[in-house]
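Chemist: Please find one structure pasted underneath; my questions will follow.
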Amino acid sequence: MKPMKKLEIVIDSVHLNKLLDALDKAGVSGYTVFKDVLGKGERGLMAGDELTGVFKNNYVMTVCSEGVVEKVVESVKPLLKKLGGVCLVSDVLWLEH
């Protein structure tokens, strides 16, 4: 198993493409997107039950090396500060197969 960093990011659906562009520019080779995630945070309940998508969230998960995660944090932090959202970084073990 190989030590890696896992990034979990929740962002408004209308800003998803900006986030994915930032991940690509930082060198992230792949990610998984879960659309229309529900939850409650500092902006209240995100129920996802309206028509426009403005109040819907997306969850993005990726795993990368320590060097890449530093680049991701540098590019994502200002984006989240401006647009809102949450980013969690944790240590994981990658099962190479």
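Chemist: Which of the residues that make up segment 82-97 are within 13 Å of the chain's Cα centre (by Cα), within 15 Å of Asp12 (Cα to Cα) and exposed (fewer than 15 other Cβ atoms within 10 Å of the Cβ)?
Modeler: Leu83, Val86
Chemist: Pairs, please: C-beta under 6 Å, at least 6 apart or cross-chain, first residue surrounded by 10 or more Cβ atoms within 10 Å (Cβ to Cβ) and in segment 42-70, second modelled with pLDDT under 60?
Modeler: Between residues of segment 42-70 that are surrounded by 10 or more Cβ atoms within 10 Å (Cβ to Cβ) and residues that are modelled with pLDDT under 60, the close pairs are Lys56/Gly48.
Chemist: Exactly one of these conditions fails for Lys40: (1) modelled with pLDDT of 95 or more; (2) basic (Lys, Arg); (3) closer than 15 Å to Gly84 by Cα. Give me its number.
Modeler: Looking at each condition in turn, Lys40 falls short on (1).
Chemist: Hey, can you tell me all the residues within segment 19-37 that are exposed (fewer than 12 other Cβ atoms within 10 Å of the Cβ) and touching a strand residue (DSSP E or B) at 6+ places or on another chain (Cβ under 9 Å)?
Modeler: Ser29, Gly30, Thr32, Phe34
Chemist: Look through Lys35, Lys5, Lys25, Lys56 and report the one residue that is of a type in the set (D, E, K, R) and at pLDDT 95 or above.
Modeler: Unique residue meeting the criteria: Lys5.
The values are calculated or read from the model by the stated rules, or taken from the named source; none is laboratory data. Note that the structure is predicted; figures quoted are calculated from it, not measured. No Cβ is skipped: glycine too gets one built from the backbone with ideal geometry, and neighbour counts run over all protein chains shown.
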